[in-house]
Amino acid sequence: MKELPDYFVHVPEAFALVEEGVYRCSGVLTREQIKYLDTLDLKTVLVLSVEGPSRAFTQYVKAKGIRRIHLGMTRWQSSLGWKPVSEELIKDGLECILDRSTHPLLVVCSSGVRETGTLVGCLRKLQHWNFNSIVYEYRSFAGGKGKYAQELFIELFDVDLVSLPPSLPEWFAYEQKMWLREQRERFAELHGGIKI
């Protein structure tokens, strides 16, 4: 196979911008895909799967002085019943994403779909997204790898478990203010102008 010139971009598998300063992709990266990450100026890599990322990616993180948080190792549980991931993994992952001091942050898991997709789905729930929109985003990344149990986990996840850090990202703080204002307006509309 003929090699492509250096100016061609090799974007990591399942890569996307989640929110400003938060990215996602598969943890199995080639050297060419790792070069793309230089453009992100990462501060933190959040690893959600038990397996670590590829050797080349691990070396890159270490060489660049990027903080690596491997929640998959510390929050893995052997018997979860029907649950595809532990609630502690998702809770701790969300608290990391919502801590502005970790940004720019890259969320990875071995497939780029299972744990990462579940975490992003639970973030969307915390952002008050409509559940159909959450599932649509999850499935657009999962393709044929999606699992009903992950969608069910997202639907049943209790967002009240999440402790919001003191330094929230601007995008999250703004969305929360907008949601609260919308709820107050709906309440006033339903209750004859009574404001809360």
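For this structure, a couple of remarks:
- Helical content of the chain, expressed as a calculated mean residue ellipticity at 222 nm, amounts to -13500 deg cm²/dmol (DSSP H runs of 4 or more residues, -39,500 (n - 2.57) each, divided by residue number, nearest 500).
- Amide hydrogen neighbours beyond the local backbone of VAL22, cut-off 5 Å, H modeled: LEU105
- Size descriptors for the chain, from the alpha-carbon set: Rg then Dmax equal 18.4, 70 Å.
- Peptides ranked, highest mean first, by Cβ atoms within 10 Å: ranges 49-61, 163-175, 99-111: 99-111, 49-61, 163-175
- Cut-off 18 Å, label 7 Å out along Cα→Cβ of PHE131, residues of the stretch 145-170 by amide N: 147-161
- Contact order relative to length of the chain, as percent, for alpha carbon pairs under 8 angstrom and 6 or more apart: 22 percent
- Across all directions, the average projected area of the convex hull around the alpha carbons of the stretch 46-137 is 6.5 nm².
- 3J(HN,Hα) couplings calculated from phi for the stretch 168-175 with the Karplus curve 6.51 cos²θ - 1.76 cosθ + 1.60 (θ = phi - 60°) are, in sequence order, 6, x, 4, 4, 6, 4, 5, 4 Hz; Gly and Pro show x.
- Qualifying lysines (Cα of each under 26 Å from Cα of LYS35; at least 8 residues distant if same chain): LYS2, LYS43, LYS62, LYS64
- The orientation-averaged projected area of the convex hull spanned by the Cα atoms of the stretch 25-67 comes to 2.8 nm².
- Taking amide H atoms as placed 1.01 Å from N in the peptide plane, the amide H of GLY112 lies under 5 Å from those of GLY27, each 5 or more residues away in sequence or on another chain.
- The Kirkwood radius of the stretch 135-196, taken over pairs of alpha-carbon atoms, gives through the Stokes-Einstein law at 20 °C and 1.002 mPa s a diffusion coefficient of 144 µm² s⁻¹.
- Summary of packing: across the peptides 150-157, 13-20, 129-136, the per-residue average of other C-beta atoms within 10 Å ranks them, highest first, as 150-157, 13-20, 129-136.
- Its Cα centre serving as origin, the chain has a Cβ charge dipole (Lys and Arg +1, Asp and Glu -1) of approximately 300 debye.
- Stretch gain in nm, segment GLU20-THR39, where the contour uses 0.36 nm per residue and the Cα spacing is subtracted: 5.4 nm
- Cβ-defined net charge surrounding PHE141, 11 Å radius [Lys, Arg +1; Asp, Glu -1]: +2
- Per-residue SASA entry for PHE141, accessible area with 1.4 Å probe, Å² rounded to 10: 60 Å²
- Principal-axis tilt of helix 55-64 within the chain, Cα atoms, nearest 10 degrees: 80 degrees
The values are calculated or read from the model by the stated rules, or taken from the named source; none is laboratory data. Predicted model, so just to flag it, every value in this text is computed and none were measured. Note that each Cβ is placed from the backbone with ideal geometry, even for glycine, and that neighbours are counted across all protein chains shown. Remember, those area values only see protein heavy atoms, side chains included, never the ligands or the DNA or RNA. Shrake-Rupley method; radii C 1.70, N 1.55, O 1.52, S 1.80 Å.
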